[in-house]
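A.B. asks: Supplied in structure tokens, the structure appears directly below.
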Amino acid sequence: MDIVNFDLSVIYTRPDGSYVINQGMYHVPNEGEYAELWVQVDAYARAHPELVQPEPVPEPYVPTLQDYFAIVDAATSAAILAGFDYDIDPGTGEAETLHFSYDNFDQQNFADTANACLLAQRGVEGLPATVTWNGYRNYTAEGGGELVRLPLDPQTFLALYTGGALAHKATQMEIGGQRKAMIEATGSRAEIATYLQEWGLLKDELA
């Protein structure tokens, strides 16, 4: 490497003796493959002290209220998309807890199927008497679960939709709203960090 390939109009120094050149874009430590370039930059810096200054220290990041809200909103969306558990009879005569997907695709499917079920209840002809829906037994986020195919009449599906899907979404949105209200009610970053830690949402830059 040769210093003629770099912008040396400003030469920043760091406490460890290294340089930063090229308008702050290139770090030159005095070691390894950069040692030879460091010697050149050092010689140039000594010859042109008027170009040398300590590297500016960036202002510490101070999160805004909207930054905190964005963290909560993202967590709320993730919780909604993760799906929900619902007690339903899979055809055995006894109810059991199954997991149901509620990603963006399935949210639309739920809404469309619910509309079809409402029309079927009103006697609109040409609609199927039952719909088949997927549930999952022994579900985990990491490994999925055992697929259970559920033939549901309109009334049972609408109960799944309102008591399961819509209730799940409303619950998560309420949790998100409460969290944002708690954040807004305090002006203390330390208290907000405590909240985020309790909710499992704390990031290093927000601590």
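A.B. asks: Across the range 1-14, which residue is farthest from P49 (Cα to Cα) among those that are out of contact with any Gly (no Cβ under 8 Å at 6 or more places or on another chain) and part of a loop (DSSP other than H, G, I, E, B)? Show your work before the answer.
C.D. replies: Within the range 1-14, the subset out of contact with any Gly (no Cβ under 8 Å at 6 or more places or on another chain) is 1-9, 11, 13-14.
Next, only the ones that are part of a loop (DSSP other than H, G, I, E, B) stay: 1-2, 6-9, 14.
Numbers: M1: 22, D2: 20, F6: 17, D7: 15, L8: 12, S9: 11, R14: 15 Å.
Once the filter is applied, the top-ranked residue is M1.
A.B. asks: Return a yes/no flag: does the range 188-201 have any residue that is assigned by TED's automatic domain parsing to the domain that holds A79, in contact with a strand residue (DSSP E or B) (Cβ under 8 Å, 6 or more places away or on another chain) and surrounded by 14 or more Cβ atoms within 10 Å (Cβ to Cβ). Reasoning before the result, please.
C.D. replies: Restricting attention to the range 188-201, the residues satisfying the condition of being assigned by TED's automatic domain parsing to the domain that holds A79 are 188-201.
Now drop any that are not in contact with a strand residue (DSSP E or B) (Cβ under 8 Å, 6 or more places away or on another chain), which leaves none.
So far as the range 188-201 goes, no, none of its residues is assigned by TED's automatic domain parsing to the domain that holds A79, in contact with a strand residue (DSSP E or B) (Cβ under 8 Å, 6 or more places away or on another chain) and surrounded by 14 or more Cβ atoms within 10 Å (Cβ to Cβ).
The rows are residues; the columns are (1) under 21 Å from N104 (Cα atoms); (2) touching a helix residue (DSSP H, G or I) at 6+ places or on another chain (Cβ under 8 Å).
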site	(1), (2)
Y136	yes, no
T140	yes, no
G143	yes, no
D153	no, no
L158	yes, yes
Y161	yes, yes
Q172	yes, yes
E184	no, yes
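A.B. asks: Those residues that are of a type outside the set (S, T, N, Q) and either surrounded by 16 or more Cβ atoms within 10 Å (Cβ to Cβ) or within 15 Å of N5 (Cβ to Cβ) (or both), I need them from the range 40-51; list them, please.
C.D. replies: First, pick out the residues of the range 40-51 that are of a type outside the set (S, T, N, Q): 41-51.
Matches in the range 40-51: V41, D42, Y44, A45.
A.B. asks: What single numbered condition from (1) modelled with pLDDT under 95; (2) in a helix (DSSP H, G or I) fails to hold for L202?
C.D. replies: (2)
A.B. asks: For residues that are free of Cβ contacts under 8 Å to residues at least 12 places away in the same chain and loosely packed, with under 12 Cβ neighbours inside 10 Å, tally how many sit in the range 95-122.
C.D. replies: Qualifying residue count, the range 95-122: 6.
A.B. asks: So, of the residues in the range 82-94 that are over 14 Å from P151 (Cα atoms) and out of contact with any helix residue (DSSP H, G or I) (no Cβ under 7 Å at 6 or more places or on another chain), which turns out to be surrounded by the fewest Cβ atoms within 10 Å (Cβ to Cβ)?
C.D. replies: Step one: of the range 82-94, the residues over 14 Å from P151 (Cα atoms) are 82-87, 94.
Then keep just the ones that are out of contact with any helix residue (DSSP H, G or I) (no Cβ under 7 Å at 6 or more places or on another chain); that gives 82-83, 85, 87, 94.
Numbers: A82: 14, G83: 19, D85: 14, D87: 11, E94: 8.
Taking the candidates together, the pick is E94.
A.B. asks: Among the residues of the range 158-177, is there at least one that is closer than 27 Å to T97 by Cα, in the same structural domain as D106 (by TED's automatic domain parsing), polar (S, T, N, Q) and in contact with a Ser or Thr (Cβ under 7 Å, 6 or more places away or on another chain)?
C.D. replies: There is at least one residue in the range 158-177 that is closer than 27 Å to T97 by Cα, in the same structural domain as D106 (by TED's automatic domain parsing), polar (S, T, N, Q) and in contact with a Ser or Thr (Cβ under 7 Å, 6 or more places away or on another chain).
A.B. asks: Going through the range 29-64 one residue at a time, which ones are touching an Asp or Glu at 6+ places or on another chain (Cβ under 9 Å) and of a type in the set (A, V, I, L, M)?
C.D. replies: L37, the sole residue that qualifies.
Quick grid of which residues meet (1) under 19 Å from Q155 (Cα atoms); (2) modelled with pLDDT of 95 or more:
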| site | (1), (2) |
| --- | --- |
| M25 | no, no |
| E31 | no, no |
| A43 | no, yes |
| R46 | no, yes |
| A75 | no, yes |
| D87 | yes, yes |
| E96 | yes, yes |
| D112 | yes, yes |
| P128 | yes, no |
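A.B. asks: Need the failing condition index for L51 against (1) under 12 Å from the mean Cα position of the chain (by Cα); (2) over 30 Å from Y136 (Cβ atoms), just the number.
C.D. replies: (1)
A.B. asks: Continuing with the same structure: Over 30 Å from G91 (Cβ atoms) and either in a helix (DSSP H, G or I) or among the aromatic types (F, W, Y) (or both) - does that describe any residue in the range 146-158? Steps first, answer last, please.
C.D. replies: Taking the range 146-158 as the starting set, the residues that turn out to be over 30 Å from G91 (Cβ atoms) are none.
No, there is no match, as no residue in the range 146-158 is over 30 Å from G91 (Cβ atoms) and either in a helix (DSSP H, G or I) or among the aromatic types (F, W, Y) (or both).
The values are calculated or read from the model by the stated rules, or taken from the named source; none is laboratory data. Just so it is clear, the model here is predicted, and its values are computed rather than measured. When we count neighbours, we look across all protein chains shown, and the Cβ atoms used for this are built from the backbone with ideal geometry, even at glycine.
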